[in-house]
1. Among what's in the range 200-229 and is of a type in the set (Ser, Thr, Tyr) and surrounded by 14 or more Cβ atoms within 10 Å (Cβ to Cβ), pick the residue that is nearest to the ligand (Cβ to nearest atom).
2. Answer with yes or no whether residue 232 is out of contact with any helix residue (DSSP H, G or I) (no Cβ under 9 Å at 6 or more places or on another chain) and either away from the ligand (no atom under 11 Å from the Cβ) or open to solvent by 60 Å² or more (accessible area, probe 1.4 Å) (or both).
3. Could you grab the pairs with beta carbons closer than 7 Å, sequence gap of 6+ or different chains, first residue in the range 122-147 and aromatic (Phe, Trp, Tyr), second one part of a helix (DSSP H, G or I)?
4. If I filter the range 95-128 down to residues being touching a Gly at 6+ places or on another chain (Cβ under 9 Å) and within 16 Å of the ligand (Cβ to nearest atom), which single residue comes out as nearest to residue 259 (Cα to Cα)?
5. Looking at residue 197, is it open to solvent by 20 Å² or more (accessible area, probe 1.4 Å), closer than 28 Å to residue 303 by Cα and within 16 Å of the ligand (Cβ to nearest atom)?
6. For residues in the range 130-146 being open to solvent by 40 Å² or more (accessible area, probe 1.4 Å) and not polar (S, T, N, Q), which is nearest to residue 303 (Cα to Cα)?
7. Going by the conditions given, is residue 148 within 16 Å of the ligand (Cβ to nearest atom) and within 26 Å of the chain's Cα centre (by Cα)?
8. Would you point out the residue of the range 302-315, among those that are in a loop (DSSP other than H, G, I, E, B) and in contact with a Leu (Cβ under 9 Å, 6 or more places away or on another chain), that is nearest to the ligand (Cβ to nearest atom)?
Amino acid sequence: MSMPAAEMPWPETSSPESGFDPEDWSEFAKLAHRAVDDMVAYLSAIGEQPAWRPVPEATKQLLRGPAPEAGIGLEAAYDEVLEHVVPYPTGNIHPRFWSWVGGTGTPQAWLADIVISALNACNLGFDEMASTYVELQLIDWLKALFGMPDDASGLIVSGGSMANLVGLTVARNVKAGYDVRALGVDPARAPLVFYASSETHSSVRKAVELLGLGTRALRIVPVRRDFTIDLPALEEAIAADRAAGSQPAGLIANAGTVNTGATDPLERLAEISEREGLWLHVDGAFGAMAKASTLAREQVAGLEHADSLAFDLHKWMYQQYDIGCALVRHRQAHFDSFNVTPAYLRKMARGLASGPTDFSAYGVQLSRSAKALRAWLTIRSEGLGKFRALVDQNIRQARYLSARVEHEADLELLAPTALNIVNFRYAPAGIADEPLNEVNREILMALHTRGIATPSSTEIDGRFSIRVAICNHRSRRADFDALVASVLEIGRQLLMI
Ligand SMILES: *Cc1c(COP(=O)(O)O)cnc(C)c1O
């Protein structure tokens with residue numbers, strides 16, 4: 001039944017069609033296997049590499065300039081990646097990486113990433129497919145781990161910042177008492193106020209700003225000597241705001257502050273929230289995992305009272321970036337804060353669009369990757385018991401390092417070590433804070449540039465601190481011995497003593 005081309009009622013069909021798939025999948029497989037072998041060789045010997053090294057000029061040169069019109073081919077491009085990208089990572093895969101709150105990643109999650117990328121799921125939640133159920137089960141596991149009720153809702157997000165935004169959005173909408181989604185923040189009404197300690201993470205401020213409340217809605221409460229929120233100051237602030245005609249709306253509690261790992265008294269904050277009618281949002285970015293430990297679980301008692309809980313899986317759950325989670329006690333309020341269903345996203349009774357939920361009704365994103373499989377595969381293969389053991393191990397390492405610091409006359413601990421973060425400095429007797437700040441800044445940069453170790457820095461009571469945050473399952477006690485020895489050695493070189 002072929003018609004002469006000239007008579008066809010559709011555009012010409014002779015132009016060749018193609019895609020990104022290789023002509024020869026077996027050639028692709030060879031390269032992919034080589035990539036796996038390369039990465040296994042790299043990762044299994046990572047401890048022998050420097051903890052950090054600078055990105056060379058040749059690499060920066062390569063990574064400038066316009067996109068090629070014709071590609072150089074996969075093998076050549078992969079070789080460029082091997083030469084120019086792989087040797088210069090952040091280094092959180094290294095046993096002596098302790099910057100910020102960086103997690104190591106796991107080989108199990110890496111395997112999951114191969115699958116995630118191949119399947120390339122949209123993970124909308126109303127697409128009926130297996131990784132939707134993977135995410136729902138992971139959320140259930142996390143609810144159980146942190147003591148949240150079975151009917152709480154949750155969402156896998158990019159990280160703690162997004163999880164804080166999600167939790168605080170629900171808090172604002174519930175506590176406003178009017179339809180904020182329709183009206184926006186209404187300047188004619190009593191301003192909403194949220195309370196958080198001065199040690200609270202910057203992403204909370206960002207969230208409050210994004211929610212249209214303005215930084216003035218964030219009442220910063222001072223901390224005590226142990227860096228936990230000062231309760232009398234909090235109660236005074238709440239009373240003062242009420243007296244001034246503002247509306248206290250929510251309390252943001254820290255389970256593990258980013259600077260020192262301090263945890264606010266969660267039981268007391270839950271009581272105050274209850275009594276004052278405040279939403280209790282807990283930022284447990286990494287500290288929530290103390291709940292899984294045997295050594296520090298008491299510190300986060302009360303976590304389970306949270307109306308919303310934000311935490312990361314890429315920090316103290318060791319998963320590959322980026323993955324975090326928001327849990328909300330009040331499912332309906334969570335849904336009501338984000339749900340929008342246009343015609344093109346309607347669910348069907350059967351078929352692909354008949355999935356069990358709609359993840360976009362619980363957060364900002366619509367299309368999302370199936371990253372839940374990372375944590376699912378790590379938990380499924382290794383068990384939660386492994387996580388408990390490793391969190392305990394990191395706490396023991398932090399205590400070990402703290403004890404070593406206290407034992408050295410020339411080192412000084414700058415904050416109590418509550419969980420997995422140690423703050424210390426090189427401080428021989430008789431030197432003032434100002435020069436010590438300078439010396440310790442130099443020590444930190446030397447640790448990095450000599451490839452010895454990568455702690456980060458912060459300021460504790462105006463003092464420059466070498467800050468060691470241990471979310472690293474590759475660190476061993478000897479790594480901390482090496483850190484102590486190097487800090488002493490570099491410090492003495494710098495001061496020429
Ligand atoms: C890291 C961190 C955040 C932000 O999390 P991201 O995953 O980096 O977005 C928020 N709060 C605390 C306490 C953190 O440590």
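The values are calculated or read from the model by the stated rules, or taken from the named source; none is laboratory data. None of the values given here were measured: they were computed from a predicted structure. Counting neighbours? That spans all protein chains shown, and the Cβs are built from the backbone with ideal geometry, glycine included. These accessible areas exclude ligands, DNA and RNA; they are computed on the full protein's heavy atoms, side chains included. Shrake-Rupley method; radii C 1.70, N 1.55, O 1.52, S 1.80 Å.
1. 203
2. Values: out of contact with any helix residue (DSSP H, G or I) (no Cβ under 9 Å at 6 or more places or on another chain): yes; either away from the ligand (no atom under 11 Å from the Cβ) or open to solvent by 60 Å² or more (accessible area, probe 1.4 Å) (or both): yes.
Considered against the rule, which asks whether it is out of contact with any helix residue (DSSP H, G or I) (no Cβ under 9 Å at 6 or more places or on another chain) and either away from the ligand (no atom under 11 Å from the Cβ) or open to solvent by 60 Å² or more (accessible area, probe 1.4 Å) (or both), residue 232 comes out as yes.
3. Going by the 7 Å Cβ cut-off, the qualifying pairs are 141/379; 146/288; 146/291; 146/303; 146/304.
4. 101
5. Working: open to solvent by 20 Å² or more (accessible area, probe 1.4 Å): no; closer than 28 Å to residue 303 by Cα: yes; within 16 Å of the ligand (Cβ to nearest atom): yes.
It is false that residue 197 is open to solvent by 20 Å² or more (accessible area, probe 1.4 Å), closer than 28 Å to residue 303 by Cα and within 16 Å of the ligand (Cβ to nearest atom).
6. Once the filter is applied, the top-ranked residue is 144.
7. It is false that residue 148 is within 16 Å of the ligand (Cβ to nearest atom) and within 26 Å of the chain's Cα centre (by Cα).
8. Checked the range 302-315; the qualifying residue nearest to the ligand (Cβ to nearest atom) is 313.
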